[in-house]
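Below: one structure, written as structure tokens.
The values are calculated or read from the model by the stated rules, or taken from the named source; none is laboratory data. Not measured: the values here are computed from a predicted model. Counting neighbours? That spans all protein chains shown, and the Cβs are built from the backbone with ideal geometry, glycine included.
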Amino acid sequence: MPAALMMSSASHVSSVTSNPMLNAKLTRRKVQQDMELLSNRIERLRAEERKAKAKVMETKLRGQEIISLQKRNEQMHAAKLLAKQLEEEQRARDTQQVRIASPCWVPLRRAGWQARAV
């Protein structure tokens, strides 16, 4: 406890009574109360700091989780695009094979392929 605070407490108490023993006792009691109040305040601040640190850690972990989910979603999207592209390529190859194998298909300008009436 700072000396200035003790003196202000002591001067306040001494104005109440002129008995030095009583003044000392009241001063010690006041100092003890002040110490308990400060101790409680420090403990509340420490608890608040622990809570804030936990919140920061929670937010950091959530951010990492979001980044991980974004990467997973991007990979899934890329896989879907690749699967769609492969499917379209396979469909084009199948169509080409049918055109080559079937004599009833004839090429037309601008219209693509069309079946010939037999």
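Scanning the stretch 14-41 for residues being of a type in the set (Asp, Glu) and modelled with pLDDT under 95 gives a total of 0. From the list SER18, SER68, the lone residue that is among the hydroxyl-bearing types (Ser, Thr, Tyr) and exposed (fewer than 10 other Cβ atoms within 10 Å of the Cβ) is SER18. From the list GLU48, GLU36, GLU89, the lone residue that is under 30 Å from the mean Cα position of the chain (by Cα), of a type outside the set (Lys, Arg) and on the phi < 0 side of the Ramachandran plot is GLU48.
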